[in-house]
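Each remark here refers to the structure printed beneath this line.
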Amino acid sequence: MTERVQKIIAASGLLSRRAAEEKIARGAVTVNGRVAALGERADAGSDTICVDGKPLPASERKRYVMLHKPRGYVTTMKDERGRREVTELLRDIPERLYPVGRLDMDSEGLLLFTNDGDFARRLTHPSHEIEKVYRTWVEGEEVETRVELLRQPMTLDGYPLAPAKVLIHALTPTGAVLDITIHEGRNRQVRRMSEMAGLKVTRLLRIREGALRLGALPRGQWRELSEEEVHSLME
């Protein structure tokens, strides 16, 4: 994936981004033997970048992975209670990846992993309001009335929530299947909101985050994000 040359230099730990920009402006940085221009993009994995004639120190390859998390796994790097961890499903990836956000043990679906801190911060910071869509199986009476309650502003732990977008995907004999869209990430937020509206969640599946969709990825499997998908999430 291509990035601005000054960002690649800063990520290597050699210089700050501002110092890297000054080096580029002075013509002290080359990409594949050619003097780099300020704002130029390069691929840290395939291009040779030199500062003052010396190659950048080797940096870890950036990875961006989407996992279809199954039910029964906790989103943690190490669980003191001995429960199954989502990282067990990524054992064939040599880099140490970290989850971007979380899904509780009983929830399923789209879960991102990366070793790129900027990417993770972009997706989790509340100011960016990245939409997350949860297909939610609920039980309860008077579903249409309960759904209207779900669409109203709510407060969790003293924190005011933006109104959720709720679509009725299907009605069932005991309740409904809903598509609930939120952009906050409070602990067990969809389950607790549903409970406040008088609905019991029996299954929760995250199907979209930003422009990224879970699609047909099998449960328990993962895939790399494309460069276009990474860019779309960062925009």
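Per DSSP helix of 4 or more residues, -39500 (n - 2.57); summed, then divided by the residues of the chain. What does that give at 222 nm, rounded to the nearest 500?
Value at 222 nm, helices only: -5500 deg cm²/dmol.
Where the Cα atoms of the range 2-55 are projected onto their three principal axes, how long is each span, largest first, in whole Å?
23, 19, 19
Past 26 Å, Cα to Cα: identify those pairs from LYS7/LYS54; LYS62/LYS132; LYS7/LYS132, in the order given.
Numbers: LYS7/LYS54 17 Å; LYS62/LYS132 24 Å; LYS7/LYS132 28 Å.
Checking Cα-Cα distances, LYS7/LYS132 exceed 26 Å.
About its Cα centre, how strong a charge dipole does the range 1-41 have in debye, to the nearest 20, once Lys and Arg get +1 and Asp and Glu get -1 at the Cβ?
Numbers: 8 positive and 4 negative charges, 5 e Å.
Roughly 20 debye for the range 1-41.
When only C-alpha pairs under 8 Å and at least 6 residues apart count, what is the relative contact order of the chain, in percent?
On the way: 425 pairs, mean separation 44.9, N = 235.
Taking the mean separation of contacting Cα pairs over the length of the chain, I get 19 percent.
Relative to the present Cα-Cα distance, how much length would full extension add between ARG84 and LYS7 at 0.36 nm per residue of separation?
Working: separation 77, 0.36 × 77 = 27.72 nm, distance 3.66 nm.
Here the segment from ARG84 to LYS7 would lengthen by 24.1 nm.
Nothing charged except the Cβ atoms of Lys and Arg (+1) and of Asp and Glu (-1): what's the magnitude of the dipole of the range 19-141 about its Cα centre? Round to the nearest 20 debye.
Values: 21 positive and 22 negative charges, 72 e Å.
Computed about the Cα centre, the dipole is about 340 debye.
For the range 1-132, what does the relative contact order come out to in percent, with C-alpha contacts under 8 Å and a separation of six or more?
Computed over the range 1-132, the figure is 19 percent.
Charges only on Cβ, +1 for Lys and Arg, -1 for Asp and Glu: so what's the dipole of the chain about the Cα centre, in debye to the nearest 20? Spell out each step's value before the answer.
Numbers: 39 positive and 36 negative charges, 84 e Å.
Approximately 400 debye in magnitude.
Please state, rounded to one decimal and in Å, the Kirkwood hydrodynamic radius that the chain gives when every pair of distinct Cα atoms enters the mean of 1/r. Walk me through the intermediate numbers first.
Details: mean 1/r = 0.0498 Å⁻¹.
After inverting the mean inverse Cα-Cα distance, the result is 20.1 Å.
Calculate, in nm to one decimal, what LYS54 and ARG17 gain on full extension: separation in residues at 0.36 nm each, minus their alpha carbon distance.
Numbers: separation 37, 0.36 × 37 = 13.32 nm, distance 1.74 nm.
Net length gain for the segment: 11.6 nm.
Quick note: the coordinates plus some simple rules give every number you see, no bench work behind them. Model, not experiment: these values are computed from the prediction. Every residue, glycine among them, receives a Cβ derived from its backbone with ideal geometry; neighbour counts consider all protein chains shown.
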